[in-house]
Amino acid sequence: MNLKNFVPLILFFCLKVNAARPFVTDDARLTNAESCQLESWSRVYKNSTEIWALPACNITGNFELTMGVGVAKPKETASTQDYVIQAKSLVRELTTNGWGWGIAIGRVNHPDITPGPNLLGNTYAYMPISVSTFNDRIIYHLNVGWLRDNATQENRSTFGFGAEIQATNSLLLIAESFGDSKSSPYWQTGLRYSIIPNLFQVDTTFGRQFNGDINTRWISFGLRYTPNSIF
């Protein structure tokens, strides 16, 4: 995968920067009130690798701010960096056997590709919707949004649909599909395991683009640290 093909994939995966790992599709939930969390992961493709770190804080209880960085390293070109900032708030809180929704807006910058004051990147907004069933054993997530691709000066509609299944008290299974109006959608499936419940989780996924070649296939490994309160 050369850099020209790799960059659009980076843009989409950092679109939903605070979806709970290992999801790309975001949920109608926030980081614990008066606390911060850290999500970090590596995504490996045939010809490239990404590493991300995304800390997020929810100081007020209903306003979550995420700021993070990612490094992408194609095999045949120099590495690039991506900087992300996103704000998210809930309009209706998700409850057991109920539903919730919120609003998120964000910006992705790619200064390594276009140096100077006019940074290449995306501006985006979306609405995360979540529905709880079977006493939270299965929760569905739906995203509907908009993306402004500053590289092409295009406006795109975005979507995501996923499900999380609580297999055991410690093991969560996930499956999802996501994409935008200008390209074929992607899918991924995987799991998250709680080493310390409600505090420290690890995860892995496998996915690729529908109708895409082998270069769009990836495997990811991540971790998530979510303390109950730090303020």
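The values are calculated or read from the model by the stated rules, or taken from the named source; none is laboratory data. Remember, predicted model here, so these are calculated numbers, not experimental data. When we count neighbours, we look across all protein chains shown, and the Cβ atoms used for this are built from the backbone with ideal geometry, even at glycine. The area values use the complete protein model at the heavy-atom level, side chains included, leaving out ligands, DNA and RNA. Shrake-Rupley method; radii C 1.70, N 1.55, O 1.52, S 1.80 Å.
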I'd like the accessible area for Tyr124, computed on protein heavy atoms only with a 1.4 Å probe and all protein chains in place. Round to 10 Å², please.
0
Potential lengthening between Phe210 and Lys182 on full extension [0.36 nm per residue; Cα-Cα distance subtracted]:
8.7 nm
If Ile85, Ile59 are ordered by their accessible area, calculated over protein heavy atoms with a 1.4 Å probe, which sequence runs from highest to lowest?
Ile59, Ile85
Approximate spin-label separation Ile105-Ser229, in nm, with each point projected 7 Å along Cα-to-Cβ
3.1
Using only the Cα atoms of the stretch 31-70, what semi-axes does the equivalent ellipsoid have when each is the square root of 5 times a gyration tensor eigenvalue? Give whole Å, largest first.
28, 7, 6
What is the angle, in °, between the Cα long axis of helix 3-13 and the longest principal axis of the Cα atoms in the chain? Nearest 10 is fine, range 0 to 90.
20
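For the chain, what is the relative contact order in percent, using Cα pairs closer than 8 Å and at least 6 residues apart in sequence?
Contact order relative to length: 19 percent.
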Which order do Leu90, Leu191 take by accessible area at a 1.4 Å probe, largest first?
Leu191, Leu90
Dipole in debye (nearest 20) - the chain, about Cα centre, beta carbon charges: Lys, Arg +1; Asp, Glu -1:
300
Trypsin sites (Lys or Arg not before Pro) lying in DSSP loop within the stretch 183-229, provided at most 11 other Cβ fall within 10 Å
none
Counting all Cα-Cα pairs in the stretch 171-231, those more than 19 Å apart amount in percent to 44
Connecting C-alpha atoms closer than 10 Å in a GNM of the chain, tell me which of Thr80, Thr216, Thr152 has the biggest fluctuation.
Thr152
Count of Lys pairs (Cα-Cα under 18 Å; at least 8 positions apart or interchain) in the chain:
8
In whole Hz, the Karplus estimates of ³J(HN,Hα) for the stretch 121-137 (6.51, -1.76, 1.60; θ = phi - 60°; x where Gly or Pro) are x, 10, 10, 8, 8, 7, 10, x, 10, 10, 10, 9, 9, 6, 6, 6, 5
Counting all C-alpha pairs of the chain, share separated by more than 31 Å (%)
16
What dipole magnitude, in Debye to the nearest 20, does the stretch 56-151 give about its Cα centre under +1 on Lys/Arg Cβ and -1 on Asp/Glu Cβ?
80
What span do the alpha-carbon atoms of the stretch 45-93 cover on each of the three principal axes, reported in whole Å from largest to smallest?
45, 16, 11
Once you have the Cα-Cα distance between Val44 and Ile138, take 0.36 nm times their residue separation minus that, and quote the gain in nm to one decimal.
31.0 nm
